[in-house]
Amino acid sequence: MPSSPQHAEPESGDLSVPVAEDLASYREKFRLRLPVSLDDLRGPAQGVIELPLHIVWSGMTSYDMSNPRQRMGLYRTVLHEGLREDLPRYLNHDLLLQLWPVLRKLVGRTVRTVWEAAFPQLASRARAAA
């Protein structure tokens, strides 16, 4: 049965524009949070870190940096949910470089792409570890 104009199926091009706009907006959200330089990341590399509720609103809020899983969890959470001013406060330049080859597999594709595009040394670390 032929489709009527009222029930015409959307053409494939109709769906790609909103999806592309959403993706671009999502990328921009993370790009705007980036520090100017990785050297700006002067957060703690040890101790117990308490994240505020605007970063982690449910579940664990306290992270022991001596525990590898908790350290990785903190970095993943801050990269996804932290605001621009949170990144230098909670992330450490040296630790981020050390964790990146594994961490890049735990963060979303958009976060990974935005950070590696802005900071080629992260992508280099990933390639060197592969």
### Message
Residue pairs, Cβ under 8 Å, 6 or more apart or interchain, first in the range 110-123 and under 18 Å from Tyr26 (Cα atoms), second among the hydroxyl-bearing types (Ser, Thr, Tyr) and surrounded by fewer than 16 Cβ atoms within 10 Å (Cβ to Cβ). List them.
### Response
Thr110/Tyr26
### Query
All but one of (1) under 13 Å from the mean Cα position of the chain (by Cα); (2) surrounded by fewer than 19 Cβ atoms within 10 Å (Cβ to Cβ) hold for Gln70; which doesn't?
(1)
#### Entry: So Gln98, is it farther than 26 Å from Pro120 by Cβ, open to solvent by 30 Å² or more (accessible area, probe 1.4 Å) and either at pLDDT 95 or above or not in a loop (DSSP other than H, G, I, E, B) (or both)
no
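Considering only the range 82-92, state which residues are in a helix (DSSP H, G or I), open to solvent by less than 40 Å² (accessible area, probe 1.4 Å) and in contact with a strand residue (DSSP E or B) (Cβ under 9 Å, 6 or more places away or on another chain).
Tyr90
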### Query
Among the residues of the range 12-31, is any part of a loop (DSSP other than H, G, I, E, B) and either at pLDDT 95 or above or of a type in the set (D, E, K, R) (or both)?
no
### Summary
Cβ pairs under 8 Å, 6+ apart or interchain, first in the range 16-36 and under 26 Å from Tyr90 (Cβ atoms) and of a type in the set (D, E, K, R), second at pLDDT 80 or above and not in a helix (DSSP H, G or I), ordered by first then second residue, are Arg33/Gly82; Arg33/Leu83; Arg33/Arg84
### Query
Mind checking which residues of the range 57-81 are under 18 Å from Leu103 (Cα atoms) and outside any helix (DSSP H, G or I)?
Tyr63, Asp64, Met65, Ser66, Asn67
### Message
Which residue is nearest to Val36 (Cα to Cα), if the candidates are limited to the range 107-130 and must be open to solvent by less than 50 Å² (accessible area, probe 1.4 Å) and either polar (S, T, N, Q) or outside any helix (DSSP H, G or I) (or both)?
### Response
Phe119
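The values are calculated or read from the model by the stated rules, or taken from the named source; none is laboratory data. Only a predicted model underlies this, so the values are computations on that prediction, with no experimental measurement involved. Virtual Cβ from ideal backbone geometry, glycine too; neighbours counted across all protein chains shown. Quick note on the areas: whole protein, heavy atoms, side chains included, nothing else; ligands and nucleic acids left out. Shrake-Rupley method; radii C 1.70, N 1.55, O 1.52, S 1.80 Å.
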